[in-house]
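Q: Encoded as structure tokens, here's the structure I'll be asking about.
The values are calculated or read from the model by the stated rules, or taken from the named source; none is laboratory data. What you see is a predicted model, and the numbers here were worked out from it, not measured in a lab. Because the Cβ atoms are built from the backbone with ideal geometry, glycine has one as well, and the counts that use them run over all protein chains shown. All accessible areas refer to the heavy atoms of the entire protein, side chains included, with ligands and DNA or RNA removed. Shrake-Rupley method; radii C 1.70, N 1.55, O 1.52, S 1.80 Å.
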Amino acid sequence: MAIVPPGPPSARHGIDPSFTALPLHALADAALSRARDLGCSYADLRVEQLREGLRSFRDTALESSTDHATLGLAVRVVHDGVWGFASGIGLTADVAARLAERAVVTARISKPLTPHRVELADEPVHADRTWVSAYDVDPFDVDEAERQGRMLELSAALLAGEGVSHTSASLHLVREDKFFANLAGTTTTQQRVRVQPALTAVSVGAHGFATMRTLAPPAGRGWEYLTGTGWDFDAEVAEIPSLLAEHAAAPSVEAGRYDLVIEPSNLFLTIHESIGHATELDRALGYEAAYAGTSFATFDQLGSLHYGSPVMHVTGDRVVDHGLASIGYDDEGVAATTFDIVSGGTLVGYQLNRQMAAEKGLGPSNGCAYADSPGHIPMQRMPNVSLAAEPGGPSSEELIGRVERGLYVVGDKSWSIDMQRYNFQFTGQRFYRIEDGRLAGQVKDVAYQATTTDFWRSMEAVGGEQTYLLGGAFNCGKGQPGQSAPVSHGSPSALFRGVNVLNTASEGAA
Amino acid sequence: MSVADLLDEALRVATGPVVAVLTERHEVNLRWAANALTTNGEMHGRSLAVTATAEVEGGTAVATVAADLTDVGEVAALVAAAEAAARAASPADEPVPLVADEAHPEDGDVRAEPAVTTVETLADVAAGLGRAFERAAADGHLLYGFAEHVVSTVYLASSTGLRRRGVEPQGRLELNGKSDDLGPRSASDDDPAEGSGGRPPVGQRSAWVGQATRTFDDVDVDALYAEVSRRLGWARRTVELPPGRYETLLPPGPVADLVIYAAWTASARDAEDGSNVFAAGEGRTRIGERLTPLPVDLLWDPAWPGQETLPFVASTMSPDGTSFAFDQGLAVEPVRWVEGGVLTELVRNRGHAAATGLRATPPADNFVMDAGGTATLEEMIASTQRGLLVTCFWYIREVDPERLLLTGLTRDGVYLVEDGEVVAAVNNFRWNESPVELLGRATEIGASVPVLCREWNDYVSKTVMPPLRIPDFNYSTVSQAS
């Protein structure tokens, strides 16, 4: 599978004029002045316009075409040391002021249940800032016939492959415009786009049925992603039928312990679940205990927890080009940055919002607040969390060459992890046996299962930059009410020793 | 201008076949952690979704465009966008005309104003939580959880003359209690620099209870806390067990989480294509096959008492992936998809129904399982010699769609039952099981009761489920989480 190198630096676009034409500053004045008059020590207003398109295809026919535009505003306050939040529709000063009043009402009702006053970490004022993500072509500027035509072209090519019985495909497009203002004087206006194409081939036969999906990750790019920038969909679609046929006919894996060489197309998700979520400080402090869960990486272990091997270096960032979590300023007006999470195998940092940073005396926030819509409150959400490659490090083939008996893991599929981020289980799109340093054909029915720190401590080597890929997902879930966040994870290929592998065919009733 | 007027405007400006669905949504919530409120909110939204069809080269196309709406002046542009999207779309698979006009007196006044909820709905809950927090502090417990009330009013109008309206109130309260040793590791724990990453603090206990409600009038926070306390008491003694197969009692909540996943994969079209667990090969489905020797009925019914859901189709796709874009407004009928232990029906839209000569079966947002059992969970515990009682499942994901093999974890309450009594808490496990295969292996099914599931209650809060006895539930590994 060839990955096309990035093209020239992406054009910088202006923010959608229909968004900047809204009375953003007048709404901010109305909401924030009302909040100030009601005695709030902190208040912010967000106006958000989200445009989302989703197309799905079954074989070579369109199955569903939906577009959704969200436009609304939200006011969050700290009143008498207590959070209050209200959101609504109607972009008028009256509505904005009323939302400030309702936010104060929710704070008052909540006051008896709030023994500790909310404090926020300091942040410089960022006045009149704008930021636009790196993309070439706004996917919503592309003709609908061209968008569907491209997906149907790829579907037809996949369906024509030998042994492919059916195909399914989807295309998810998002453009996000946000305006933020707070009592301190920060005002930011930002826009970003992202796209997620995916195609799956299905093989039905005497073997039962088997599927294989494209490895192309969702990306903070525009329509150019479908036409050759950042990924070669035509080349990948051409390869899948023969790979699927080999997978369908592959022998079932023998359960046991194996050395694993894991490609970033799979490892990004393991990073997400076992590092990304485990190093959210709100989880470590128990704020998510009843739902998303807590973390084994408790705060008292900051600076001492032996998370992984010495070759493990993990950062959080909201700045990388085409990263799904990249932004100029977060939803609390904090400037985006890059920070260390694991250094040389030791836990050295957490993801923060302003409340968590203040609660633990960690200085300024590192900018990880995000709300997925105007109807939801900002909470600490994951930045791009990435495993560093080794400069000049080995290729995937060289990593495979170090393995006597193992498996080479490609592409993500099924994932699950417990509520303290200890025990996880992942499957993949393709698993190859490694025998004496060489690939020896696919096997199937594979799931690898480990405890997080056992797994990362078993990482003997990471690949070089040539193995690096920015993977990611649109749909990271957290919080109640539930919110969905897009996030990227960069990773090289990596070699792990002695990981437990299940044969899934022998699980359940078997 | 009333909300219903927005639909009049949509029909007035439409130039071809359209169906318009307006959803007015009010929601309020409280969230808490460690005996203190953490977040709250009062939200209001209004969305209009317009689905248009158009004749295009090669057939009929359909597209839906939706937007949050504040003013009648925005409707025309939205309808025009939907019609343009339909004209630009490629032909749909198995198109059918939009649902025809039909009287639905049960809807009442289809022009009535939307139902509303405000944060004051949760005032009594807040007071109850205040009392619970005080008791918990005195008992050495920490309480975590979430309460939410959502009231959606859905209006539907089509160019075929159909007008419908429905109100769907949904509420839930989740209460998780933990012993107050959640915090930093104690000095007696394993050295985190070695071994398997360190064990959670010794003695940590956790229990979860939940309740679905339409109004919150029936929510008794004191009683919910009492149940949490009872279960935390069960965990004063702990037993470590290795992975393996254990006789297991699944209360109604975990059963709901498994049944919901099975229902979400019940696409007839996929089964005929050979690509889900209900496929029988060569274009055939498993309809008619006995899944269990027990007399199990699985059904959805929008009029099930206490679990009422919207009685008509108002979305373009069901959770199993079946498109219902042409079928919006269609009445959702009760469907008994497993009857007497035999698979009898799958999810099918009108287009595929016409193609196959079978009936359309849009799913409701509630799920009922009934096998005529009469034993309560307590009675099933009392009749258990040795087994596990698993109160919550978590992070359920599909491993193998061919068997519907799922993986997941136990959470917030795994208990050892010996000689008819709960005697200790047990460590958590990762499991790998198929709900379809479990149905065939169940040896006892108790009395069905309304229940709030744990894993999927963001999506489904209306279920009626029984407890199950599984003789050999498969736990693959131990999870250190507590």
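Q: Could you give the length gained by full extension between B:ALA331 and B:ALA137, i.e. 0.36 nm per residue of separation minus their alpha carbon distance, to one decimal place?
A: 64.8 nm
Q: Amide H of A:SER416 versus every other amide H placed in the peptide plane: which residues, excluding those fewer than 5 positions away on the same chain, fall under 5 Å?
A: A:GLN425
Q: What does the convex hull of the Cα atoms of the range A:429-482 come to per residue, in Å³, rounded to a whole number?
A: 182 Å³
Q: Now, a different point. Packing-wise, with mean Cβ within 10 Å as the measure, how do B:70-77, A:41-48, A:343-350 rank, highest first?
A: A:41-48, A:343-350, B:70-77
Q: Obtain the nm distance between the two label points defined at B:ARG397 and A:GLU153 by a simple spin-label model: each point lies 7 Å from its Cα along the Cα-to-C-beta direction.
A: Result for the modelled spin labels: 3.3 nm.
Q: Can I ask one more? Please work out how much length the chain gains when fully extended from B:THR118 to B:SER383, using 0.36 nm per residue of separation minus the C-alpha to C-alpha distance, in nm with one decimal.
A: 90.8 nm
Q: About the Cα centre of chain A, what is the dipole size in debye to 20, counting +1 per Lys and Arg Cβ and -1 per Asp and Glu Cβ, all else neutral?
A: The dipole magnitude comes to about 1120 debye.
Q: Taking 20 Å² as the minimum loss, tell me which residues in the range A:466-485 lose that much accessible area going from the chain by itself to the full protein complex (1.4 Å probe).
A: The answer is A:GLN480, A:PRO481 - residues whose exposure falls by at least 20 Å² when every protein chain is included.
Q: So which lysines can A:LYS444 reach, going by Cα to Cα under 17 Å and dropping same-chain residues fewer than 8 places off?
A: By straight Cα distance, A:LYS444 reaches A:LYS413.
Q: What average count of beta carbons from other chains do you get within 10 Å of the Cβ of residues in B:268-280?
A: Per residue, the number of nearby Cβ atoms from other chains is 3 on average.
Q: Which of B:THR117, B:ALA61, B:VAL228 sits closest to the plus end of the dipole of the protein assembly as shown, meaning its Cα is farthest towards the positive end, when Lys and Arg get +1 and Asp and Glu get -1 on the C-beta?
A: B:VAL228
Q: So, one more: In nm, to one decimal, how far is the modelled label at A:ASP234 from the one at B:ARG12, with both set 7 Å along Cα→Cβ?
A: Reported label-point gap for A:ASP234 and B:ARG12 is 5.1 nm.
Q: Still on this structure, I have one more. Grab the beta carbon distance between A:SER170 and B:ARG290, set R0 = 45 Å, and tell me the FRET efficiency rounded to 0.05.
A: 0.80
Q: Put +1 on the Cβ of each Lys and Arg and -1 on the Cβ of each Asp and Glu in the range A:196-321; which of A:GLY230, A:SER274, A:LEU199 then has its Cα farthest toward the positive end of the dipole?
A: Projecting each Cα onto the dipole axis, the largest value belongs to A:SER274.
Q: Calculate for chain A the 222 nm mean residue ellipticity that helices alone would give, adding -39,500 (n - 2.57) per DSSP H run of length 4 or more and normalising by residue count, nearest 500 deg cm²/dmol.
A: Taking each H run of at least 4 residues, the total per residue is -5500 deg cm²/dmol.
Q: Provide the per residue accessible area, probe 1.4 Å, for chain A, rounded to a whole number of square angstrom. Could the numbers behind the result be given before it?
A: Details: 15920 Å² over 510 residues.
Value for chain A: 31 Å² per residue.
Q: Among the DSSP beta bridges whose two residues both lie in chain A, what percent are antiparallel, rounded to the nearest 5?
A: Of all bridge pairs located within chain A, approximately 90 percent are antiparallel.
Q: Hey, another quick one. Give the average, rounded to an integer, of partner chain Cβ atoms located within 10 angstrom of each Cβ in A:54-60.
A: 3
Q: Nearest 20 debye, what's the magnitude of the dipole of the range A:356-478 about its Cα centre given +1 on Lys and Arg Cβ and -1 on Asp and Glu Cβ?
A: With Lys and Arg at +1 and Asp and Glu at -1, about 320 debye.
Q: Please report the spacing between the Cα centers of the range A:476-510 and the range A:306-333 in Å, no decimals.
A: Between the Cα centre of the range A:476-510 and that of the range A:306-333, the gap is 19 Å.
Q: Kindly state, to the nearest 0.05, the FRET efficiency for A:ASP138 paired with A:GLU246, given R0 = 35 Å and r defined as their beta-carbon distance.
A: With a Förster radius of 35 Å, E is 0.35.
Q: How much net charge surrounds A:GLY471 when only the other residues with a Cβ under 14 Å from the Cβ of A:GLY471 are counted, with Lys and Arg +1 and Asp and Glu -1? Walk me through the numbers on the way to the answer.
A: Numbers: positive: A:ARG194, A:ARG213, A:ARG221, A:LYS413; negative: A:GLU263, A:GLU273, A:ASP412.
With Lys, Arg at +1 and Asp, Glu at -1, the neighbours total +1.
Q: Next question. Remind me, relative contact order of chain A in percent, using alpha carbon pairs under 8 angstrom and six or more residues apart?
A: Reported as a whole number, the value is 16 percent.
Q: Name the residue from A:ALA93, A:HIS68, A:ALA103 whose Cα lies farthest towards the positive end of the charge dipole of the range A:1-157, charges +1 on Cβ of Lys and Arg and -1 on Cβ of Asp and Glu.
A: My answer, from the dipole projection, is A:ALA103.
Q: Return the FRET efficiency for the residue pair A:ARG129, A:ALA26: r is the Cβ-Cβ distance, R0 is 22 Å, and the value is rounded to the nearest 0.05.
A: 0.70
Q: Roughly how big is the protein assembly as shown's charge dipole about its Cα centre, with Cβ charges of +1 (Lys, Arg) and -1 (Asp, Glu), in debye to the nearest 20?
A: Values: 78 positive and 132 negative charges, 250 e Å.
It works out to roughly 1200 debye.
Q: Report, ordered by chain and residue number, the lysines lying within cross-link reach of A:LYS178, taken as a straight Cα distance under 23 Å and ignoring same-chain residues fewer than 8 apart.
A: A:LYS478
Q: Net charge around A:ASP259, counting only other residues with Cβ within less than 13 Å of its Cβ (Lys, Arg = +1; Asp, Glu = -1)?
A: +1
Q: While we're looking at this one, here's another question. Convert each backbone phi in the range A:354-364 into a coupling constant with the Karplus relation 6.51 cos²θ - 1.76 cosθ + 1.60 (shift: θ = phi - 60°), then list the ³J(HN,Hα) values in order as whole Hz, x for Gly and Pro.
A: Once rounded to whole Hz, the list reads 5, 5, 5, 4, 5, 4, 9, x, 9, x, x.
Q: How big a patch of accessible area, both sides summed and in Å² to the nearest 100, lies buried between A and B at a 1.4 Å probe? Write out the running numbers ahead of the final one.
A: Details: alone 19690 and 20160 Å², together 32490 Å².
Using a 1.4 Å probe on protein heavy atoms, the buried area is about 7400 Å².
Q: On average, how much accessible surface per residue is there in chain B, in Å², for a 1.4 Å probe, leaving out ligands, DNA and RNA? Show your work: numbers first, answer last.
A: Numbers: 16570 Å² over 482 residues.
On a per-residue basis, 34 Å².
Q: Okay, next question. For the protein assembly as shown, give me the percentage of DSSP beta bridges that are antiparallel, rounded to the nearest 5 percent.
A: The antiparallel proportion sits near 90 percent.
Q: Evaluate peptide A:370-376: per residue, the Cβ atoms of other protein chains within 10 Å of its Cβ; return the mean as an integer.
A: Numbers: counts 0, 0, 0, 3, 3, 7, 3.
That works out to 2 on average.
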